[in-house]
Structures are given as C-alpha cells and as structure tokens.
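Scroll down for the structure; my scribbles are underneath it.
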Amino acid sequence: MICPMCNATNRDDAKFCKKCGHVLHVEAPAPVEAAVANQDAAAGAQSANVEDDISLAPTQIISPQQMVELQARHWEREAGQNQPQSQSIEEPPAAASDHNDAEPASSAPDIANLPTMIIAPPAAETASPASPSDDTSEEDASIPPPPLDEPSTPESAPKVEQVGAGTGAEDAESASNEDSQEEETETETAGSTAATVKDTPEEVQMTTDDQEAEPEPAPQEGEFPALAVGAVLLERYEITELVSSEAGQHLYQVIDHQGYQRCWNCGSEQNGEGSEFCNDCGAGLLDISYLMHEYPVTQEKDAEASVLHENIINTFVDQGHTYVIAQEQAAENPFPNGVHLSVASDSDAGNIRRSDPNEDSTMALLFQRIHESSAMPVGLFVVADGMGGHDNGQRASHIAISTMAQRITHDLLLAPLTSENSDEAVNPFDEDALVSLLHDAVEEANAAIYKENQRDKTDMGSTITGFMVFGDYAYIFNVGDSRTYMLRGGRIYRLTTDHSLVAQLVAGGLIEPDDVYTHPQRSQIFRSLGDKLNVQIDIFKQQLHPADILLSCCDGVWEMIRDPQLETILTTAPDLQTVCSQLIDAANENGGEDNISAVVVSVH
C-alpha cells in the first residue's frame with residue numbers, strides 16, 4: 001500500500017505508514033488530499049534517513065524518556081525547515097486529513113500525525129508520587145508528573161501551577177496545545193520539571209518550603225514541667241503565679257513566708273524568727289513578693305548570669321532543678337521607711353531695693369508623722385513675689401500664702417485628724433482630689449487679692465510658685481514668672497514655665513534663651529494673682545526619689561543666677577540652710593536687682 005502522505009510502500013494490511021505514521025485508509029484519498037499529502041511528504045523526506053524512529057513502530061506504549069526524544073527530533077526537524085507550527089492538535093488523528101485541507105500545504109508533519117501513543121508511567125509511579133523513577137525527571141515540562149499530595153495552603157498563598165497529565169492520545173494532544181511553541185521548546189531543552197517554574201522563584205521556594213518544612217516536635221512537658229500554683233519550695237517560697245514558660249526556663253511569682261531570714265531592703269540577716277519588721281531598717285518582712293527562675297540542673301552555671309538585671313536574693317537546688325529568687329530593681333520601694341523631708345527658706349531685699357520693703361513672702365509648711373515605722377509627709381512650700389511698682393506688693397504676697405496655708409491645713413491636715421480622733425472613717429486623698437484641692441487653694445488666694453483690690457481700689461498683685469508634697473509625689477503649681485527647679489543626679493531641671501512676654505518670644509524663636517536675662521521687657525508678665533477674678537494655673541505632678549532637691553524661687557534669684565551656678569550651689573552646699581545663704585550671696589554679687597527669696601526641700 002502506498003502512503004498518500006510520503007509515497008512510502010507499506011504492507012497491504014498496514015494501518016499506519018511505516019515512514020511518516022499517517023493513518024492508512026483502504027479508500028483512495030481525494031485529489032486535494034493527495035496534493036496536500038504529496039507536499040507534506042516532500043517536506044518530511046528531508047528527515048527520512050532518521051534511524052530507529054519510534055514512529056516506524058505500530059501503536060505501542062513508550063516510556064516518557066522515549067517520548068521526550070521523539071518530540072525533540074520532530075521539533076529539530078521543524079526548526080531546520082524554519083516553518084512555524086500552526087496546526088491544531090485538538091482533533092483526533094482520524095480527522096487529520098480534513099484538518100490538512102484547511103491548513104497551508106507547506107505545514108510540516110506534527111506530533112498529531114504520529115501513531116497513537118500511550119504515555120503511561122509505571123503503575124507504581126502513578127500510584128505513589130513520592131518515589132518517582134529516573135525517567136520522570138527527564139519528562140517534557142508540558143507533561144509533568146502527577147501532582148504531589150501537598151499540604152493545603154491558604155487561598156491567599158501563592159501556588160505553583162500544576163499541569164494535569166492524562167493517559168493515551170489525550171495527554172499528547174493537550175500537552176501540545178500551548179499558546180507558544182517556542183516557550184515549550186526552551187522548557188524541553190531544560191529537561192526538568194523544575195524548568196516549568198524557573199521564572200517564578202518565589203513560588204517555587206514557597207512550594208519547596210511547604211514540602212520540606214516539617215512541624216517541630218512539641219516539647220515534652222514531662223522533661224521539664226512547670227510547677228503548679230500553690231506549690232511551696234523549702235517550706236518557704238509559695239508560687240502564686242506562672243509568669244512565663246520557655247524552653248529551659250520557668251518564671252514564677254512567689255511570696256516568701258520566711259522573709260525574716262533576709263531583709264529585702266537592707267539585706268540584714270539579724271532578724272529573729274517571726275519578726276514583722278527589720279531591726280535595722282524597719283522594712284516590713286511579711287509575705288514579700290519575689291520572682292523565681294527555675295532551670296534544669298544542667299544550666300546551673302548560667303542561672304545567675306541570666307538574671308543580672310535583677311537583685312538576686314537567694315539561689316538553691318531542689319529535686320534536680322536550680323532556682324534563683326530575685327527581686328526586680330523597678331519593684332524595689334525607694335522609700336522603705338516612708339518619705340522624709342528637710343526644708344529651709346530665706347529671703348533678702350537685694351542690693352538695689354535695700355531701702356524698700358521686701359515684697360516677697362515664703363512659706364514652708366511641713367506636717368510629718370511616723371506611724372508603724374513609716375513616715376508620711378504632707379507639706380506645702382510656697383514663694384510669692386509681690387508685684388513691684390504696684391500698691392502694696394508685700395500685702396498681695398502675704399494674702400497669697402496665708403490663704404493657701406489656711407485651705408491646705410484645714411482640708412489636708414485638720415479634717416483627717418479630726419475624723420481619726422472621732423473614730424470616723426477617713427476618706428483617702430487620690431490624685432484627682434489632691435490636684436483639685438491645690439487648684440482651689442490657689443484660686444482662693446487669687447480671689448482674696450482681687451476682692452481687696454476691688455474694695456480698696458488698689459492694683460496689687462503677686463506671682464506664686466511652689467509645690468505640695470503628699471507621700472512620694474510633689475504637685476508643682478505656678479502663676480507668673482517665679483520658678484520651681486529640681487536637682488536630680490547632679491543635674492538641674494526647670495519644672496515650671498514662665499508666663500511672661502520674653503518667654504513667649506523665646507518659644508516663638510524671636511529671641512535667644514539667654515536674652516530673657518537682659519531683655520528690656522523681661523518684667524512684663526501676663527498671669528498674676530489679683531488681676532482677674534479667675535486665673536489660669538499650671539499644675540504638674542512629679543514622682544519623688546531619694547536625694548531629690550526641690551527649689552522654688554522668685555525672679556530675683558534666677559535672673560541673677562544662671563542655671564549652671566544654681567546647679568553648683570545645690571550640689572556642693574553642705575546643708576539646705578547654707579544653700580539659701582549662698583543663693584542670696586550669689587544673687588547680690590551678680591547685681592541684686594530685685595528681692596531674693598527661696599525655699600529648698602531635700603527628699604530622703
């Protein structure tokens with residue numbers, strides 16, 4: 001039988017041409033079909049000398065490697081003829097002749113014209129993708145192995161596109177139905193499925209991670225279990241909370257039922273069993289809270305090194321585990337015996353106004369009692385600077401401090417004492433109540449001066465600054481250009497803001513900060529007591545620490561003594577009264593242009 005495509009001689013009962021693989025029909029091809037077949041045969045004759053072509057065999061099952069080699073030969077042949085493939089292979093081979101009628105006669109034979117081939121990996125490979133054969137690694141990129149049973153990923157996660165693989169002629173046809181044959185050729189040359197996703201490294205990396213990442217085995221709790229809340233170690237440390245649990249370490253909150261063995265504050269070990277307070281420092285010793293670190297015995301050497309930021313109280317080994325009892329530095333009470341205050345104040349008319357009345361007034365009102373070995377101070381410390389050049393400036397400053405003292409003394413001191421003596425409940429003062437009381441006291445001082453001005457047709461006024469101490473907090477207040485400072489750690493800080501014209505000019509960048517000492521309008525202020533019925537008051541809250549020094553002073557101090565010199569005097573003076581004396585001396589030496597008044601309080 002003569003093949004209508006390549007004119008090759010075949011057996012009479014042959015179903016496919018042994019040379020080009022065309023389906024042989026018993027009926028004679030139509031004239032048009034014969035012409036197309038002759039042209040295609042001429043194109044295919046250039047590669048007739050290919051030896052051992054798999055297409056010469058009848059219908060058979062070939063391996064993936066053989067399929068790759070077969071396709072490579074056909075694509076090389078097509079590339080050599082410089083003819084683009086444009087034939088569709090979606091139709092079955094039986095309709096090849098009809099399809100050729102609509103295509104140009106110069107189209108080269110396509111894989112669709114090859115004998116029907118079934119590409120089927122071994123059964124074990126299909127059933128178990130986890131163990132692919134060597135042939136699979138060399139498959140055509142368009143026919144990947146069966147998709148692996150990968151763990152499901154969230155919809156939002158990028159996924160590597162998987163190309164489905166069928167069996168029989170459907171696989172060959174669908175694999176060849178790509179939009180770009182050139183892209184398939186490059187992929188085939190790579191000879192690896194990985195080439196399919198070579199241009200998407202992020203997706204490939206993600207998929208590889210998904211396949212290789214295996215969940216780490218959960219830590220065995222039995223190896224290093226955490227202790228239960230309520231457990232007691234050494235008949236002393238009771239666990240009240242499991243703070244954290246990590247690999248190789250547990251952190252607990254515990255209370256010490258034998259705090260007398262070592263004072264948490266001063267470290268004294270001279271207290272007797274059952275002592276409620278330390279004999280050396282007076283700190284309470286009952287049920288003190290600590291942090292307890294637990295480590296395996298293998299980490300005993302590194303146990304203390306890991307808690308260097310804490311104050312280590314005790315270490316011990318119990319049942320093969322190492323324990324470190326520690327106290328956080330931040331948790332230590334800075335005033336184990338309560339807050340103690342020392343105060344000094346002084347005032348001077350100054351060199352320039354030596355012959356005029358001193359219009360400043362100061363007040364240091366300190367009430368401090370010790371109860372149950374703990375000191376609880378209440379104090380009011382004020383500096384009022386009467387308005388110079390106005391009527392009765394000294395009268396205005398006197399009204400200011402006396403009015404404030406009366407209100408604070410009555411509400412903050414006398415009322416609680418009266419309730420205690422009558423066995424009545426004492427309402428504790430919280431922050432809001434203290435701020436409200438201080439604000440009302442300054443408002444009353446302002447109203448008292450204002451009413452006297454209205455009554456006597458005078459124009460007196462006063463600035464005021466100072467602070468009220470309640471426990472370990474100071475509540476600083478200010479109206480005008482007098483100032484309150486704090487010395488902490490050898491460094492001075494200004495706590496108040498001047499309500500003056502030059503202060504606004506500095507804030508607006510119109511003058512330099514040093515100009516406030518010499519500016520011709522430095523005495524102009526826009527807040528003072530007695531000017532209006534209502535006055536705006538600055539109030540600040542400040543936590544106190546041991547060794548803090550608070551200074552309230554009038555403008556006759558800070559205008560004559562710059563901040564560096566103030567810092568030196570506060571740091572080097574042996575006592576507070578000496579501080580006041582040195583401030584007066586320094587202000588007078590630097591000019592003494594105004595009255596000089598100061599109140600100094602030391603915290604310990």
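The values are calculated or read from the model by the stated rules, or taken from the named source; none is laboratory data. Computed from a predicted structure; not experimentally measured. Positions of Cβ are generated from backbone atoms using ideal geometry, with glycine treated the same way; all protein chains shown enter the neighbour counts.
Scanning region 580-604 for residues that are assigned to a helix (DSSP H, G or I) and surrounded by fewer than 24 Cβ atoms within 10 Å (Cβ to Cβ) returns 581, 582, 584, 585, 586, 588, 589.
For residue 420, are the conditions met, namely being surrounded by 16 or more Cβ atoms within 10 Å (Cβ to Cβ) and outside any loop (DSSP other than H, G, I, E, B)? Considered against the rule, which asks whether it is surrounded by 16 or more Cβ atoms within 10 Å (Cβ to Cβ) and outside any loop (DSSP other than H, G, I, E, B), residue 420 comes out as no.
Taking region 540-562 as the range and being closer than 21 Å to residue 489 by Cα and not in a strand (DSSP E or B) as the test, the residues that pass are 544, 545, 546, 547, 548, 558, 561, 562. Of the strands (runs of 3 or more DSSP E) lying entirely inside region 288-357, the ones with 1 or more residues being modelled with pLDDT under 90 and surrounded by fewer than 17 Cβ atoms within 10 Å (Cβ to Cβ) are found at 288-296, 310-318, 321-328. Every listed requirement among (1) modelled with pLDDT under 90; (2) surrounded by fewer than 14 Cβ atoms within 10 Å (Cβ to Cβ); (3) more than 30 Å from residue 372 (Cβ to Cβ); (4) among the small types (Gly, Ala, Ser) is met by residue 231 save one, (1). For region 359-392, the set of residues classified as more than 55 Å from the chain's Cα centre (by Cα) and either small (Gly, Ala, Ser) or surrounded by 21 or more Cβ atoms within 10 Å (Cβ to Cβ) (or both) consists of 389, 392, listed by residue number. Within region 565-579, being surrounded by fewer than 15 Cβ atoms within 10 Å (Cβ to Cβ) and in contact (Cβ under 8 Å) with a residue 60 or more places away in the chain holds for 571, 575.
The rows are residues; the columns are (1) in a strand (DSSP E or B); (2) under 34 Å from the mean Cα position of the chain (by Cα).
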| position | (1), (2) |
| --- | --- |
| 464 | yes, no |
| 475 | yes, yes |
| 481 | no, no |
| 487 | yes, yes |
| 516 | no, no |
| 522 | no, no |
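Condition check for residue 489 on (1) within 30 Å of residue 568 (Cβ to Cβ); (2) small (Gly, Ala, Ser); (3) in contact with a helix residue (DSSP H, G or I) (Cβ under 7 Å, 6 or more places away or on another chain): one failure, at (3). Checking each residue in region 494-539 for being of a type in the set (Phe, Trp, Tyr) and under 26 Å from residue 567 (Cα atoms) picks out only 517.
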